[in-house]
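Below: the structure, in structure tokens.
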Amino acid sequence: MLRLLLLACCAALALSAGTVRAAGLAVMHGFADQSGITLWTQADRAARMVAEFHPEADPAAVRRVERTARAEDDFVAHLRLADLTPGTRYRYRLLVDGKLQRTGAFATQPQWQFRGEPPEIALAFGSCAYVGDRYSRPGAPWGGEYAIFDAIAAARPDAMLWLGDNVYFREPEWTSLEGMSGRYRAYRALPEAAKLWTATSHLAVWDDHDYGPNDSDASFVGKGNAEQAFRRYWPNPTFGLPDVRGIFGMVTLGDVDLFLLDNRFHRHPNRYPQTPDKSMFGRAQFEWLKQALVSSRATFKIVAAGGQFWNRANKYEAFHNFPAEQKALADWLLEQKITGVVFLSGDRHLGGVWKIERPGAYPLHEFTSSPLTAGVFTNPPQEERDNPDLVPGTLTLQRHFGMVRVSGPRNERVLTLEAYGADGARLWQRRIAASELR
């Protein structure tokens, strides 16, 4: 009874942009691969959740998946639609206790290998999505321009990658799973984001604010709750390894492998002494990343995490606080001659592309996109602006989202990096041929 009361209280207190959450059913599309997708659903009570689905071209071939939304799971149910046909558009109906609540559509990825050219790809990404409520700090509102979520939906990406600070836990929420779940629940019910949740597939990693307190690390005692809440609200295909906890993993989108890193669960504190074992990612995850990069045969290998990897002018949280591990990754990429590696990051409340020259090897590119709706770092120090690694014309000091596009025939693939403002207008564009990353 106490747990039910706590859940009810948290749901009532979780306010979004000045409005309480909508009653009924919330839906989000998880990552769609060649043969399946997970539909994330959340009811407002214990209920029987049913998904009826069929190929759009064959309405008679209806199948069903059923789950129960339970109070102990914050009424969340993951409906896995599996054994689907590659490259096919499907339609679905969602029923709650036998009553039709929602309809929608999605498409599986094509099975192009050994059959034709790789598909064109559009991956949207961003970080730092702040939504104001009564727990916000006093003073001027820090969140705004929520129309950016509609702008992302209108861009029609194949997937949306959330790069941390996807929600902002407040002080009263750090201490319990119920508090964290209440914060997530409010975001999923945000009216301005309603279109985006079902406009595309979604993937996520976290950073400090959707993990725990500011700059939090492996010492945070509530990280088990944070991990459980993350897995409840983000239906990524995998989380960590059987013997290594955390939310890291890998997915494939066309001829791109996405390596999604966990920069919090195993992290040493930023101010920890510079011992040889000081690590952002932890020994086990770092070893997995090295092996996964060597094993990958993808044209482009996108390594993504909540914080920046290579920006030398970043005086805040970044990989440079872990110099031994940073150098080990740089050396590994050189020694193994791994091709096609590009980095995506968030956190900074500014955006841009940094190009890191490497003697005897192709340069490393890092594309940072931040913030989505949080406050903007409008006046970074001059050394940030004058950083010789910063690609001219890409420093972005406004709310925005990033887009990574991949196009061209198999042997002439091109990676296009773009930034878009909150209104959906393109701010800049840079192209990198696959041949430049070899």
Within the set of pairs 6+ apart or on separate chains, which have a first residue in the stretch 206-228 that is closer than 17 Å to Tyr187 by Cα, a second that is of a type in the set (Lys, Arg) and open to solvent by 30 Å² or more (accessible area, probe 1.4 Å), and C-beta atoms under 7 Å apart?
Tyr211/Lys223; Gly212/Lys223
Might you let me know whether the stretch 150-157 holds any residue that is in contact (Cβ under 8 Å) with a residue 24 or more places away in the chain, within 14 Å of the chain's Cα centre (by Cα) and assigned to a loop (DSSP other than H, G, I, E, B)?
yes
Residues being charged (D, E, K, R) and out of contact with any Leu (no Cβ under 9 Å at 6 or more places or on another chain): count how many of those fall in the stretch 326-382.
5
Within the stretch 79-94, work out how many residues are crowded, with 16+ Cβ neighbours inside 10 Å and at positive phi.
0
Which listed residue, of Thr175, Thr238, is within 14 Å of the chain's Cα centre (by Cα), within 23 Å of Glu72 (Cα to Cα), at pLDDT 95 or above and open to solvent by 10 Å² or more (accessible area, probe 1.4 Å):
Thr238
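Per-residue answers, yes or no, for (1) at negative phi; (2) open to solvent by 30 Å² or more (accessible area, probe 1.4 Å); (3) in contact with a helix residue (DSSP H, G or I) (Cβ under 8 Å, 6 or more places away or on another chain):
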{"site": "Glu192", "(1), (2), (3)": "yes, yes, yes"}
{"site": "Asn214", "(1), (2), (3)": "yes, yes, no"}
{"site": "Val221", "(1), (2), (3)": "yes, yes, no"}
{"site": "Gly246", "(1), (2), (3)": "no, no, yes"}
{"site": "Pro273", "(1), (2), (3)": "yes, yes, no"}
{"site": "Gly282", "(1), (2), (3)": "no, no, no"}
Out of everything in the stretch 358-385 that is under 27 Å from the mean Cα position of the chain (by Cα) and acidic (Asp, Glu), what residue ends up being farthest from Arg264 (Cα to Cα)?
Glu384
Ala43 vs. criteria touching a strand residue (DSSP E or B) at 6+ places or on another chain (Cβ under 7 Å) and free of Cβ contacts under 8 Å to residues at least 12 places away in the same chain:
no
Restricting attention to the stretch 409-418, the residues that are free of Cβ contacts under 8 Å to residues at least 24 places away in the same chain and in contact with a strand residue (DSSP E or B) (Cβ under 9 Å, 6 or more places away or on another chain) number exactly 4
For the structure I just gave you, tell me whether Lys337 is among the charged types (D, E, K, R), at positive phi, modelled with pLDDT of 95 or more and open to solvent by 40 Å² or more (accessible area, probe 1.4 Å).
yes
Name the single residue, out of those in the stretch 400-421 being of a type in the set (A, V, I, L, M, F, W, C) and out of contact with any His (no Cβ under 7 Å at 6 or more places or on another chain), that is most open to solvent (accessible area, probe 1.4 Å).
Val414
Given (1) at pLDDT below 95; (2) open to solvent by 50 Å² or more (accessible area, probe 1.4 Å), where does Asp97 come up short, assuming only one miss?
(1)
Among residues belonging to the stretch 292-322 that are part of a helix (DSSP H, G or I) and closer than 19 Å to Val256 by Cα, point out the one that is most open to solvent (accessible area, probe 1.4 Å).
Ser295
Could you list, ordered by first residue, the pairs with Cβ atoms under 6 Å in which the first is in the stretch 309-335 and closer than 17 Å to Pro380 by Cα and the second is of a type in the set (Gly, Ala, Ser), at least 6 apart or interchain?
Glu317/Gly307; Ala318/Gly307
Assess whether Thr175 counts as being among the polar types (S, T, N, Q) and not in a loop (DSSP other than H, G, I, E, B).
no
Selection count where residues are closer than 21 Å to Leu260 by Cβ, in contact with an Asp or Glu (Cβ under 8 Å, 6 or more places away or on another chain) and part of a helix (DSSP H, G or I), scope the stretch 185-205:
1
Within the stretch 244-263, track down each residue that is among the β-branched types (Val, Ile, Thr) and not in a loop (DSSP other than H, G, I, E, B).
Val244, Val251, Thr252, Val256
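The values are calculated or read from the model by the stated rules, or taken from the named source; none is laboratory data. These numbers were taken from a predicted model, which means no experiment stands behind them. All Cβ positions, glycine included, derive from the backbone under ideal geometry; neighbour counts span all protein chains shown. Areas reflect the complete protein model, heavy atoms only, side chains present, ligands, DNA and RNA absent. Shrake-Rupley method; radii C 1.70, N 1.55, O 1.52, S 1.80 Å.
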